[in-house]
Amino acid sequence: AQSVTQPDIHITVSEGASLELRCNYSYGATPYLFWYVQSPGQGLQLLLKYFSGDTLVQGIKGFEAEFKRSQSSFNLRKPSVHWSDAAEYFCAVQLSFGAGTTVTVRA
Amino acid sequence: EPEVTQTPSHQVTQMGQEVILRCVPISNHLYFYWYRQILGQKVEFLVSFYNNEISEKSEIFDDQFSVERPDGSNFTLKIRSTKLEDSAMYFCASSSGIRTDTQYFGPGTRLTVL
């Protein structure tokens with residue numbers, strides 16, 4: 001069975017600072033990995049996905065994620081956050097979602 | 001840009017009543033999904049649907065749930081006898097392919113069971 005762990009429930013970051021959101025997964029085969037963002041009152045929007053190939057994946061809004069098989073991780077990063085990045089972020093493997101990480105951006 | 005739409009945006013119902021949540025997937029998509037998110041909790045997969053039948057379902061999707069594609073555009077989730085614990089945000093999604101293709105999510109329907 002697959003599962004996803006997002007260890008950080010809430011992260012606060014200053015505008016312009018870098019951001020890293022952690023995601024660990026458990027899955028027996030090659031995973032299909034996703035990061036979604038959910039703004040308040042909105043549906044989920046796909047940021048990026050990984051199926052195979054280059055382990056560093058570029059997504060929308062300046063986000064990237066790196067797949068590390070040895071660590072069963074798929075961490076999301078952004079070098080410089082904007083106030084509009086304040087949202088909830090979900091990591092998913094196949095059809096299983098993590099509990100989410102809420103990102104607050106302070107001015 | 002095409003998008004997934006859901007109606008209603010908010011549904012309030014009494015416990016034991018039947019509700020139907022409606023979704024209009026992106027028109028050329030072939031795979032359809034329902035998820036739910038209980039307030040403050042993670043998004044949970046309910047069911048996927050392809051070629052007019054359920055292709056995968058979770059443990060949550062028990063006999064009180066059913067899905068249907070009644071015509072060429074709508075995709076519905078029916079909850080036969082609602083319980084308090086069914087209160088959640090329900091998201092519909094669609095994709096052109098399964099698992100590897102991007103799923104496009106609707107804005108959700110907030111179901112409140114009183």
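Scanning segment B:99-114 for residues that are open to solvent by 10 Å² or more (accessible area, probe 1.4 Å), among the hydroxyl-bearing types (S, T, Y) and more than 12 Å from B:Y31 (Cα to Cα) yields a total of 1.
Applying the set (1) without any contact (Cβ under 8 Å) to a residue 60 or more places away in the chain; (2) part of a loop (DSSP other than H, G, I, E, B); (3) out of contact with any Leu (no Cβ under 7 Å at 6 or more places or on another chain) to B:I60 leaves exactly one unmet item: (3). Considering (1) among the small types (G, A, S); (2) open to solvent by 50 Å² or more (accessible area, probe 1.4 Å); (3) within 14 Å of chain B (Cβ to nearest Cβ), the lone condition that A:G43 does not fulfil carries the number (2). From the list B:F45, B:F75, B:F91, pick out the single residue that is surrounded by 19 or more Cβ atoms within 10 Å (Cβ to Cβ) and more than 10 Å from chain A (Cβ to nearest Cβ). Among B:F45, B:F75, B:F91, only B:F75 is surrounded by 19 or more Cβ atoms within 10 Å (Cβ to Cβ) and more than 10 Å from chain A (Cβ to nearest Cβ). Within segment B:11-32, is even one residue over 12 Å from the mean Cα position of the chain (by Cα), aliphatic (A, V, I, L, M), part of a strand (DSSP E or B) and over 30 Å from A:D8 (Cα atoms)? Yes.
Going through (1) touching a residue at least 60 places away in the same chain (Cβ under 8 Å); (2) open to solvent by less than 70 Å² (accessible area, probe 1.4 Å); (3) closer than 22 Å to B:V12 by Cβ one by one, B:S96 falls short only on (3).
The single condition from (1) away from chain B (no Cβ under 12 Å); (2) in a loop (DSSP other than H, G, I, E, B); (3) touching a residue at least 12 places away in the same chain (Cβ under 8 Å) that A:V103 fails is (2).
Taking the condition open to solvent by less than 10 Å² (accessible area, probe 1.4 Å), touching an Asp or Glu at 6+ places or on another chain (Cβ under 9 Å) and at the interface with chain A (Cβ under 10 Å from one of its Cβ atoms), does B:Y35 pass? So B:Y35 fits the description; yes. When the residues of segment A:54-100 are filtered to those that are free of Cβ contacts under 8 Å to residues at least 24 places away in the same chain and of a type in the set (V, I, T), the one that is least open to solvent (accessible area, probe 1.4 Å) is A:V57.
Just one of (1) over 13 Å from the mean Cα position of the chain (by Cα); (2) hydrophobic (A, V, I, L, M, F, W, C); (3) open to solvent by 50 Å² or more (accessible area, probe 1.4 Å) fails for A:V13. It is (3). Taken over segment B:55-72, residues that are surrounded by fewer than 16 Cβ atoms within 10 Å (Cβ to Cβ), over 18 Å from B:V12 (Cα atoms) and polar (S, T, N, Q) amount to 2.
The values are calculated or read from the model by the stated rules, or taken from the named source; none is laboratory data. For clarity, every value in this text was computed on a predicted model and none was experimentally measured. No Cβ is skipped: glycine too gets one built from the backbone with ideal geometry, and neighbour counts run over all protein chains shown. Heavy atoms of the whole protein, side chains included, go into the accessibility calculation; ligands, DNA and RNA do not. Shrake-Rupley method; radii C 1.70, N 1.55, O 1.52, S 1.80 Å.
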